1. Hey, among A:LEU37, A:LEU86, A:LEU61, which residue is touching a Phe, Trp or Tyr at 6+ places or on another chain (Cβ under 9 Å) and over 29 Å from A:ASP247 (Cα atoms)?
2. Every residue in the stretch D:171-185 that is over 21 Å from the mean Cα position of the chain (by Cα) and not in a helix (DSSP H, G or I), please.
3. Tell me whether the stretch C:66-78 contains one or more residues that are of a type outside the set (Lys, Arg), more than 9 Å from chain D (Cβ to nearest Cβ), crowded, with 24+ Cβ neighbours inside 10 Å and closer than 20 Å to C:SER96 by Cβ.
4. State all residues of the stretch E:17-33 that are surrounded by 24 or more Cβ atoms within 10 Å (Cβ to Cβ) and either in contact with a Pro (Cβ under 9 Å, 6 or more places away or on another chain) or modelled with pLDDT under 95 (or both); if no residue qualifies, say none.
5. Among the numbered criteria (1) modelled with pLDDT under 95; (2) under 19 Å from the mean Cα position of the chain (by Cα), which single criterion is violated by F:GLY157?
6. Which number in (1) facing chain E (nearest Cβ under 7 Å); (2) among the small types (Gly, Ala, Ser); (3) touching a residue at least 12 places away in the same chain (Cβ under 8 Å) marks the one condition that F:SER48 misses?
7. Looking at B:PHE102, B:PHE141, which is the one that is in contact with a Leu (Cβ under 9 Å, 6 or more places away or on another chain), part of a loop (DSSP other than H, G, I, E, B) and at pLDDT 95 or above?
8. Would you please name the residue that is farthest from F:GLY77 (Cα to Cα), looking only at residues in the stretch E:92-138 that are at the interface with chain A (Cβ under 7 Å from one of its Cβ atoms) and without any contact (Cβ under 8 Å) to a residue 40 or more places away in the chain?
6 protein chains.
Amino acid sequence: MRWEELTSPEIGALDRDKTVVVFPIGSVEQHGNHMPLGTDTILAHEVSLAAAGKAGNVVVLPPPWYGFSAHHMRFPGSVTLRAETLMAVAEDVVASVVKHGFKRILVVNGHGGNGGVIDVLASTLGHKHYGAARIVTLTYFALARDSIAALRQSEAGGMGHACEFETSLVQHLRPELVKIDRAKTIYPDPGSRYLTTDLIGSQAVRVYHDFGDLSPTGTLGDPSLASPEAGRNFFDGSVDALAAFIDDFRGWKIPEGQQ
Amino acid sequence: MRWEELTSPEIGALDRDKTVVVFPIGSVEQHGNHMPLGTDTILAHEVSLAAAGKAGNVVVLPPPWYGFSAHHMRFPGSVTLRAETLMAVAEDVVASVVKHGFKRILVVNGHGGNGGVIDVLASTLGHKHYGAARIVTLTYFALARDSIAALRQSEAGGMGHACEFETSLVQHLRPELVKIDRAKTIYPDPGSRYLTTDLIGSQAVRVYHDFGDLSPTGTLGDPSLASPEAGRNFFDGSVDALAAFIDDFRGWKIPEGQQ
Amino acid sequence: MRWEELTSPEIGALDRDKTVVVFPIGSVEQHGNHMPLGTDTILAHEVSLAAAGKAGNVVVLPPPWYGFSAHHMRFPGSVTLRAETLMAVAEDVVASVVKHGFKRILVVNGHGGNGGVIDVLASTLGHKHYGAARIVTLTYFALARDSIAALRQSEAGGMGHACEFETSLVQHLRPELVKIDRAKTIYPDPGSRYLTTDLIGSQAVRVYHDFGDLSPTGTLGDPSLASPEAGRNFFDGSVDALAAFIDDFRGWKIPEGQQ
Amino acid sequence: MRWEELTSPEIGALDRDKTVVVFPIGSVEQHGNHMPLGTDTILAHEVSLAAAGKAGNVVVLPPPWYGFSAHHMRFPGSVTLRAETLMAVAEDVVASVVKHGFKRILVVNGHGGNGGVIDVLASTLGHKHYGAARIVTLTYFALARDSIAALRQSEAGGMGHACEFETSLVQHLRPELVKIDRAKTIYPDPGSRYLTTDLIGSQAVRVYHDFGDLSPTGTLGDPSLASPEAGRNFFDGSVDALAAFIDDFRGWKIPEGQQ
Amino acid sequence: MRWEELTSPEIGALDRDKTVVVFPIGSVEQHGNHMPLGTDTILAHEVSLAAAGKAGNVVVLPPPWYGFSAHHMRFPGSVTLRAETLMAVAEDVVASVVKHGFKRILVVNGHGGNGGVIDVLASTLGHKHYGAARIVTLTYFALARDSIAALRQSEAGGMGHACEFETSLVQHLRPELVKIDRAKTIYPDPGSRYLTTDLIGSQAVRVYHDFGDLSPTGTLGDPSLASPEAGRNFFDGSVDALAAFIDDFRGWKIPEGQQ
Amino acid sequence: MRWEELTSPEIGALDRDKTVVVFPIGSVEQHGNHMPLGTDTILAHEVSLAAAGKAGNVVVLPPPWYGFSAHHMRFPGSVTLRAETLMAVAEDVVASVVKHGFKRILVVNGHGGNGGVIDVLASTLGHKHYGAARIVTLTYFALARDSIAALRQSEAGGMGHACEFETSLVQHLRPELVKIDRAKTIYPDPGSRYLTTDLIGSQAVRVYHDFGDLSPTGTLGDPSLASPEAGRNFFDGSVDALAAFIDDFRGWKIPEGQQ
């Protein structure tokens, strides 16, 4: 169910104990020469909608489209919110949903650059609405890391941005938006063994990287390995992981009291 | 053209002197018993896209969906940003677009409750980007006021919210989202001759009205007068008015200098 | 009654149900070669005081003098608050007045550049103090539009800033502050048929105009048509309109509940 | 010269090297049973205007009227800005004046409760405008402490608020605003030898005192010792002290460079 | 070298190309019945100082002590900054250090609750100081995860807060501050297989947990496995990992340009 | 007692009626050629700890180290918080302490540049926590002014910054941190008889002074008069004054009610 397509009485009639409300966020930013600017938001939204359908009793809010993309601004078309603006949007949307009595709210992020922001939001929103609702934040491809790792063909570093993973997904979901003939493969050098550019890589240190310093086209990785079939598999893996989490989340206890 | 569907190089190739960038905003809020929560954003977006197609050389940014809707929060499903959050979103999006060299940016609003915010934005953003870009803000149904007035059937007060006008438009554009059998007609009493609830009415005084005090269903006006045909006419009138303005705007001079 | 001239017990003794509290705001900004910088605040204050006397049971707060005047800063002597500073001042003053139990508060604005700010304030303050007080905002010359239109001699565009209207008013109220021999008549070209520079003109689009781009002296319109007699008439028309509104406002219902 | 009464060209013609711009601030708050709410602003303004006339080459900005008065809110009619709002107003006004090329700006405060705010402003504004202008902040009765101490009749504690000093000054300047028959004498007990309630007393520790805990009427001190003659003497002493400082300030060096 | 113990000329003489500046942050919050409130800051500071000595050419700023600890406030003695306050402190400190010409700044965090904040800071500060300095943020026990995992005796869930790891470290560094006889072992149930309470555990979802809901004493894990010897080993492992990273970081390239 | 060394249950067990909580603040900024950057915070902390020991029933919070030092930024090693950041830190720390039920909180400042900030904090925090706690702010050397004046040898102007007073104190408390052979004596000229650079001088006017304009080394005054013995005397005088105040403060009444 899409929140924006329901009427007010239909929202009013939903079972507050069973319903999980999903708030997808992403970004509008360069995705190489071959992929649409809206990739991250489109994917977070589509994964959310499909997982909602699979899990049932889920309503998906419309995505506010924009995210924290300061590191992509050298490339035309990238749009960035300040980190505090993105937090403010999420605070206001979540507060509105809590006001209507919903108890389990899930922020589904599709953009690596929003990672710190959603981590802070989990703390600040969880604290603010303690006793009324639980708010979980996650990045869908981190949640589905195991399935993605099993499906990928790229070597380490080959799946970073506008890469095998993202390109496959958009080829599966919105094939008309991919100009695959313009895609360039770039294995970037992040400059230190402590740093990785892999989408599902893991690193203990955080540092700012302008994507223009990593790649002339903005692509990190190897889109030549992408295909609609791979996209379907990545998509199914991501949706399954998210639907499974939603089923688990629905059973979480809401502590009582105020803070 | 939809900004989010273009690639970065495609945005990069657009002619900065000719291109007008449109940023549609609206709201997610109750629209009576019969209309979807996303009505205002859907309409602002669709009118923008159609006017873009008609005027040519226009790119339409994706809408951030949420607006200032504090006065609708008594009704389930309404979501509100604080006024300052909405301003921050517009500030960040516009700053990003200006950074990419675009010179004429048009905020197309579809929600009466955003009226003050877009008025302030015209001033603050125009001042901030003076010498680089001109930023215009407008509400599409105010721009098309004359054509709407000529087409409407409702008496004064009959066209306020989820009314003849909005219902017709959604029936025209997204008929599956209208539950017309649940629609209720309400001619609200705003409580003073200085106040009107008409969408294209005019009043010198500003005051806060909780919509729950004006109408038990949230509807202001007479949706029974709505029809898909009327919707097509309202839509064409709105699109024509917006496209005509865009043509004019494209020729506006950009003053030089900084402030 | 001037709030600042009363003692605390005198304020304490006022009837909370009958009293309307007026908060005049304006600006300190260039008014051509011939008019004082404080024109807008002086006029909003004088109109408020006279309307208060006429309507009875009204207390007028002292004006904070400064407004949003970024578009006048090229001219010496102009002073501007940021939009958010002006909002903060109004928020704090209104919150203080509500704390003392007053239920009807009217912001009377005398400066076009504050238009968006007072529109936002009506929404945010009305929401914040819902159930305790109603807050109305208006611009006095928009309220008195009809009477002004009937009295004016200038053609369209001849009454914008430091013009027939404002010059006449100051000649009537503070003649020693007008250097009429230095006045220049300017019919500015706003650059589009969608734009007007008329004080009581109406336009659907909002855009920032640096007054230095519209007029070399900062004057918009024709002060040569001004006279003290016209000023008295404009003043009486404005005061009558405001007093009539206050009488109406005094009867408005205060909804119960909180938000 | 009153800034608000000058035209823009008149401000433009002032000698930037010789002119000192004075920005008076005060408060709107209870002043006992017998004194007007606007006392502090009226006095800061009148002292500033008289000192301006005596010193020459001084322009006095209009006062924004409101100050930090949280500690008076228990008494009807008191109005308070948040500390940050008052700072924002002063920041914006000073920035505007610096933009017009003035190099020496003096904030003249007339309200003890603004003491911390003007101290912070001296630091933050002095830092911000380093190289362009020097900004001094002072409280006029602290500057004139010696002359006031010589003139006063009250014992320690007898001159705090709405007291011999302030009552005399208003009797001298605006006698119609003093209801001396309603005045009550209160020698408050601040509760510790580390604390004083004297207007020109000195104490190393800062603490919040609600005036309602110190005095049932809000008066601190002995207004029965007030007289118009004492008011004239207090006024002359205050004006002399301020004019002398302005003469000194006019000669202060403006460091070069930026920060 | 401790920044606060050096003189200004000594800081001035440091080689800007070789020097790494470390900014340790932690928290003041409950650490069970047996550990001091300052544990996290003490440990981040001590690890930083030892790594600085080992790596050479490192200056360690003094820690601001307080962190984001909203989830510990139910326990006496916990102190929390708002997330935005902690960010503001780091922004200001880093801006000051960059102003003095240092090019590599490392925020060493010792508190899990600060995790999101330092992630956001890496992005926002890296963006702000692009071209002048690189700013890295990390949590020392995440960096040393492998060595800690090899040394630990606790089962999964046994090392969360005031646990084997932290207790051992304080026993090693400040034994007088540990009241080991009051320690309680708690293996908390986080309520879902998606959640872990292990200090070096890994989870894709973020959610707020009040520590009072997880443990009656605030301890998560098994402090009975702690010992000073284990502490020395944990400490050496953490210091080695941090010193090794600093050596690597010192060689990172500073991109040119501005953003 | 040091707050950060206590366990949560130990804080929990303290008598809320008798305990005074001290929050020391200072700065990290140049102190001439011979003194450590951390001087102000070290001294505020040491004086607080010694006074706490002498007075009894006092807990000393750890200092956040950094203060408002914009006027020292020309000298390497100086670190400054914005004034609003320092306020935010104090607001959060004090709110946390009040939440744990403490009723008397004392901010002990050791840095002249924080003067305005702590004055504002006394007002804003006192207002916010009215009815729950009293918050006092002071600068320890202003509190001990009389004893310092009796002990000093420097002439007026000889005791400003990194001077006889501060150098003696650090020689007494942390002799290894003073490079006395590098000390330079500077009697600065503040440029007006209204200004003093003396640490315990008194002046009615506030103005920003970059220390680089006052002294080439950053020292204001005569460190050649410093000695460890003088340091012991200054220290004892400061501690005695603070302990005496704490004893008095402990008896202050907490007003009832809310604001």
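The values are calculated or read from the model by the stated rules, or taken from the named source; none is laboratory data. The model shown is predicted, which means the values in this text are computed figures rather than measured ones. Reconstructed Cβ throughout: ideal geometry from the backbone, glycine too, with neighbour counts over all protein chains shown. For the accessible areas, the whole protein counts, side chains as well, though only heavy atoms, and no ligand, DNA or RNA atoms are used. Shrake-Rupley method; radii C 1.70, N 1.55, O 1.52, S 1.80 Å.
1. Answer to the check: A:LEU37.
2. D:LYS179, D:ALA183, D:LYS184, D:THR185 - these are the residues of the stretch D:171-185 that are over 21 Å from the mean Cα position of the chain (by Cα) and not in a helix (DSSP H, G or I).
3. Yes, there is a match, as at least one residue in the stretch C:66-78 is of a type outside the set (Lys, Arg), more than 9 Å from chain D (Cβ to nearest Cβ), crowded, with 24+ Cβ neighbours inside 10 Å and closer than 20 Å to C:SER96 by Cβ.
4. E:PHE23, E:PRO24, E:ILE25, E:GLY26, E:VAL28, E:GLN30, E:GLY32
5. For F:GLY157, the failing item is (2).
6. Just one mismatch for F:SER48, condition (1).
7. Numbers: B:PHE141 fails: part of a loop (DSSP other than H, G, I, E, B).
Checking each option against the conditions leaves just B:PHE102.
8. So the residue we want is E:GLY115.
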